[in-house]
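All remarks here apply to the structure that follows.
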Amino acid sequence: MIKEIIKAEEGEIYDIELETDLLKANEKLAEENKELLKKYGVKAIDILGSIGSGKTSLIELLVQKLKNKYKIVVFNGDLTTTIDANRVGRHGVEVIQINTGKECHLDANLVKKALQKVDLNNVDLLFIENVGNLICPADFPLGSEKRIVVISVTEGPYMVVKHPFIFMGTDVVVINKIDLASAMEVAVEKLERDVYAINPNAKVVKTSCRDGEGIAGVISALGL
Ligand code: MG
Ligand code: ZN
């Protein structure tokens with residue numbers, strides 16, 4: 001069940017084309033979010049990826065595996081729909097939908113608003129699903145502790161090399177839909193090498209979220 005739907009007000013989201021001072025303002029809010037989360041002992045994890053890569057499916061699996069161990073809240077970012085929040089909410093965890101309107105990324109201000117709706121005393125783990133996009137979320141830290149980027153073999157062989165910035169600051173890269181790799185004629189090992197070339201410290205996990213393959217590897221890569 002969706003607890004809340006937060007809609008971005010006109011002019012509320014910082015535009016990527018606007019100046020560095022706005023990016024700085026976002027960074028300051030992200031630091032505040034980080035402090036708040038730290039104060040309450042909440043571990044927050046960003047989940048980024050293109051539309052259809054499997055972010056929501058991954059969150060659903062993580063929630064199912066971890067909800068008995070941790071008190072989990074999920075923020076789902078999307079332009080206008082509540083599809084993802086409804087999917088995650090079915091698993092009996094608290095979900096907040098953040099609708100960004102026309103904007104193609106979450107920012108720290110929207111996450112701050114969502115955090116105000118949550119009883120942080122009662123949360124161990126927060127998953128934040130960003131809007132499906134791998135470009136500008138790289139410029140908008142939200143205050144989270146870790147970042148997962150989800151890519152899928154259906155996005156083709158150049159997915160990683162075409163989005164270098166997002167992979168630089170990422171802790172875990174999930175290569176999803178590996179069951180479709182041969183049909184797509186995509187070499188999973190090549191995608192993996194591309195990730196390590198950009199970010200040697202990233203942990204790469206191969207999954208098929210459709211059948212749950214690899215999910216234990218994601219959990220251990222996150223230290224959960
Ligand atoms: Mg989704
Ligand atoms: Zn954007």
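The values are calculated or read from the model by the stated rules, or taken from the named source; none is laboratory data. Small disclaimer: the values here were computed from a predicted structure and weren't measured. Neighbour counts run over all protein chains shown; Cβ positions are idealised from the backbone, glycine included. Each accessible area value is taken on the protein alone, full model and side chains, heavy atoms only, with ligands, DNA and RNA left out. Shrake-Rupley method; radii C 1.70, N 1.55, O 1.52, S 1.80 Å.
Here are the numbers for the structure shown:
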| quantity | calculated |
| --- | --- |
| Residues (under 25 Å from Cys136 (Cα atoms), away from ligand 1 (no atom under 15 Å from the Cβ) and open to solvent by 40 Å² or more (accessible area, probe 1.4 Å)) located in the range 90-107 | Lys102, Glu103 |
| Single match in Glu31, Glu60 (criterion: closer than 30 Å to His91 by Cβ, at pLDDT 95 or above and of a type outside the set (A, V, I, L, M, F, W, C)) | Glu60 |
| Total residues in the range 136-161, condition touching a residue at least 40 places away in the same chain (Cβ under 8 Å) and within 15 Å of ligand 2 (Cβ to nearest atom) | 6 |
| Options Lys65, Lys112, Lys117: the member that is away from ligand 1 (no atom under 13 Å from the Cβ), in contact with a Leu (Cβ under 8 Å, 6 or more places away or on another chain) and among the basic types (Lys, Arg) | Lys112 |
| Flag for Val186 being aliphatic (A, V, I, L, M) and crowded, with 17+ Cβ neighbours inside 10 Å | yes |
| Selection within the range 126-162 - surrounded by fewer than 20 Cβ atoms within 10 Å (Cβ to Cβ) and touching a helix residue (DSSP H, G or I) at 6+ places or on another chain (Cβ under 8 Å) | Ile135, Asp139, Glu145, Thr154, Gly156, Pro157, Val161 |
| Test: Gly156 is at positive phi and either of a type outside the set (A, V, I, L, M, F, W, C) or more than 16 Å from ligand 1 (Cβ to nearest atom) (or both) | yes |
| Residue check for Asn121: within 26 Å of Thr80 (Cα to Cα), among the polar types (S, T, N, Q) and either part of a helix (DSSP H, G or I) or at pLDDT below 95 (or both) | no |
| Residue in the range 133-144 that is within 12 Å of ligand 1 (Cβ to nearest atom), closer than 28 Å to Ala181 by Cβ and modelled with pLDDT under 95 present | yes |
| Count of the range 43-75 residues which are outside any helix (DSSP H, G or I) and within 16 Å of the chain's Cα centre (by Cα) | 16 |
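One line per residue, one yes/no per condition, for (1) within 16 Å of ligand 2 (Cβ to nearest atom); (2) in contact with a strand residue (DSSP E or B) (Cβ under 6 Å, 6 or more places away or on another chain); (3) open to solvent by 20 Å² or more (accessible area, probe 1.4 Å):
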{"position": "Glu32", "(1), (2), (3)": "no, no, yes"}
{"position": "Glu35", "(1), (2), (3)": "no, no, yes"}
{"position": "Tyr40", "(1), (2), (3)": "no, no, yes"}
{"position": "Ala44", "(1), (2), (3)": "no, yes, no"}
{"position": "Lys55", "(1), (2), (3)": "yes, yes, no"}
{"position": "Leu66", "(1), (2), (3)": "no, no, no"}
{"position": "Lys69", "(1), (2), (3)": "no, no, yes"}
{"position": "Ile83", "(1), (2), (3)": "no, no, yes"}
{"position": "Val88", "(1), (2), (3)": "no, yes, no"}
